[in-house]
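In what follows, a structure is listed as structure tokens, so that the remarks can point back to it.
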Amino acid sequence: MSILTDTYTLNNGTKIPKVAFGTWQTPDGDVAYQAVSSALKFGYRHIDTAKIYGNEKSVGRAIADSDVKREDLWVTTKLPSQDKTRDLVLADFESSLSRLGLDYVDLYLIHAPWPWGEAGSKHFDEENAEAWKTLEELQKSGRVKSIGISNFDVHDMENILKIAEIKPVVNQIQYYIGFTEPKISKFAAEHDIRIEAYSPLATGDILNSEAIRKIAGRYNVSVAQLALRFTLQNGTVTLPKAISERHIQENTQLDFTINDDDMRTLNSMPDAAPAHFHNSTQG
Ligand SMILES: NC(=O)c1ccc[n+]([C@@H]2O[C@H](COP(=O)([O-])OP(=O)(O)OC[C@H]3O[C@@H](n4cnc5c(N)ncnc54)[C@H](OP(=O)(O)O)[C@@H]3O)[C@@H](O)[C@H]2O)c1
């Protein structure tokens with residue numbers, strides 16, 4: 001069994017592949033089609049997209065043209081963060097399914113608790129509650145297997161848990177060596193909400209870290225491979241994005257184990273990409 005077909009069991013009993021393939025900033029058209037087609041060919045079984053990425057159509061086309069059976073694949077997409085009313089959520093969801101060309105998605109996430117650009121300005125408790133109740137309705141309809149959240153801090157998670165009939169299965173957050181969002185991760189673990197590590201390579205900004213390179217050398221792996229393996233050993237779903245076929249393939253070679261001493265070192269490192277963009281509500 002390869003790491004690409006290893007799964008975690010979520011709080012609703014569904015099994016999610018531990019390694020996903022990210023598609024943020026992967027342009028729609030040939031680039032997204034080729035990247036997702038390569039990922040499926042190399043064995044990824046979990047694709048992460050979002051309406052706002054603008055590439056659902058090409059992601060869907062690559063899935064349709066692949067030999068992978070739908071039931072063997074996990075597809076996540078996301079509700080645009082400014083759309084919180086029932087009508088907007090239902091319309092967004094329909095349009096995502098239609099662009100993807102699918103009958104259902106495995107996971108639908110509220111992309112963020114605040115509209116982009118308003119992060120940290122105030123809480124959007126009522127708005128997120130309305131969006132969450134609508135996601136619950138979608139899950140009950142059977143066209144979404146699981147529902148979750150992204151970029152939610154502790155306050156925003158508490159707000160959902162107060163009104164939830166169905167608990168979020170995951171919280172997808174920025175998570176990489178030296179930026180593991182301990183408060184959010186701890187609260188999520190206490191409530192059996194799995195963390196999905198987005199930007200596990202800090203969108204590429206981690207790759208020049210000499211400290212990580214030194215540890216990676218001990219395992220004969222690249223900085224990227226060590227960074228991804230680190231997120232897996234911390235129990236998160238990891239979501240590397242790549243366009244280059246070499247990177248797509250390299251990121252599938254994660255069947256090695258970082259020893260306890262090195263995990264301790266990595267878990268106590270300062271931010272490996274301090275200049276990287278961070279959500280102001282996290283940390
Ligand atoms: N929920 C949210 O708000 C949110 C926010 C950000 C990201 N995400 C999700 O998380 C995914 C990953 O995050 P990200 O897009 O920020 O990027 P990332 O995975 O942290 O880093 C991607 C960058 O690293 C490069 N790269 C990948 N593998 C490599 C390797 N083995 N060696 C050298 N370079 C390598 C890629 O290059 P090439 O592309 O040139 O191959 C790209 O420049 C996203 O695509 C998206 O699905 C979610």
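Tabulated values for the structure
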{"item": "The range 224-283: relative contact order as a whole-number percent, Cα under 8 Å and 6+ apart", "result": "36 percent"}
{"item": "Largest-first ellipsoid semi-axes for the range 234-283, taking √(5λ) over the Cα gyration tensor eigenvalues, angstrom", "result": "22, 20, 10"}
{"item": "Of 140/186; 18/214; 167/241; 57/145, pairs whose Cα-Cα distance is over 23 Å", "result": "140/186; 18/214; 167/241"}
{"item": "Computed magnitude of the charge dipole of the chain (debye, nearest 20; Cβ of K, R +1, Cβ of D, E -1)", "result": "480 debye"}
{"item": "Simple spin-label estimate for residue 183 and residue 279 in nanometres, 7 Å along Cα-Cβ", "result": "1.3 nm"}
{"item": "Accessible surface, 1.4 Å probe, highest first, among residues 152, 187, 42, 277", "result": "277, 42, 187, 152"}
{"item": "Per-residue SASA entry for residue 47, accessible area with 1.4 Å probe, Å² rounded to 10", "result": "0 Å²"}
{"item": "Most mobile listed residue (168, 182, 113) in the chain, GNM with C-alpha springs under 10 Å", "result": "182"}
{"item": "Protein accessible area in the range 127-283, 1.4 Å probe - carbon and sulfur %", "result": "50 percent"}
{"item": "Rg followed by Dmax, in Å, when the range 3-267 is reduced to its Cα trace", "result": "17.7, 53"}
{"item": "Exposure of residue 86 as accessible area (Å², to 10), given a probe of 1.4 Å and all protein chains", "result": "100 Å²"}
{"item": "The chain, relative contact order [Cα under 8 Å, separation at least 6], %", "result": "19 percent"}
{"item": "In Hz, Karplus ³J(HN,Hα) per residue of the range 143-155 (6.51, -1.76, 1.60; θ = phi - 60°; x = Gly, Pro)", "result": "8, 9, 7, 9, 10, x, 9, 8, 6, 8, 8, 4, 4"}
{"item": "Kirkwood Rh and Cα Rg combined as Rg over Rh, evaluated for the range 1-156", "result": "0.96"}
{"item": "The range 1-87, accessible area per residue, ligands and nucleic acids excluded (1.4 Å, Å²)", "result": "42 Å²"}
{"item": "The range 5-70: Rg to Rh, with Rh as the Kirkwood radius over Cα pairs", "result": "0.99"}
{"item": "Inter-site label distance for residue 98 and residue 246 at 7 Å from Cα along Cβ, in nm", "result": "4.2 nm"}
{"item": "Protection proxy ranking of 16-27, 189-200 - average other beta-carbon atoms within 10 Å, highest first", "result": "16-27, 189-200"}
{"item": "Amide hydrogen neighbours beyond the local backbone of residue 29, cut-off 5 Å, H modeled", "result": "58"}
{"item": "Extension gain (nm, one decimal) between residue 257 and residue 67, 0.36 nm per residue minus Cα-Cα", "result": "65.3 nm"}
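The values are calculated or read from the model by the stated rules, or taken from the named source; none is laboratory data. Everything numeric here is computed off the predicted structure, so don't read it as measured data. Ideal geometry is used to build each Cβ from the backbone, glycine not excepted, and the neighbour counts take in all protein chains shown. Each accessible area value is taken on the protein alone, full model and side chains, heavy atoms only, with ligands, DNA and RNA left out. Shrake-Rupley method; radii C 1.70, N 1.55, O 1.52, S 1.80 Å.
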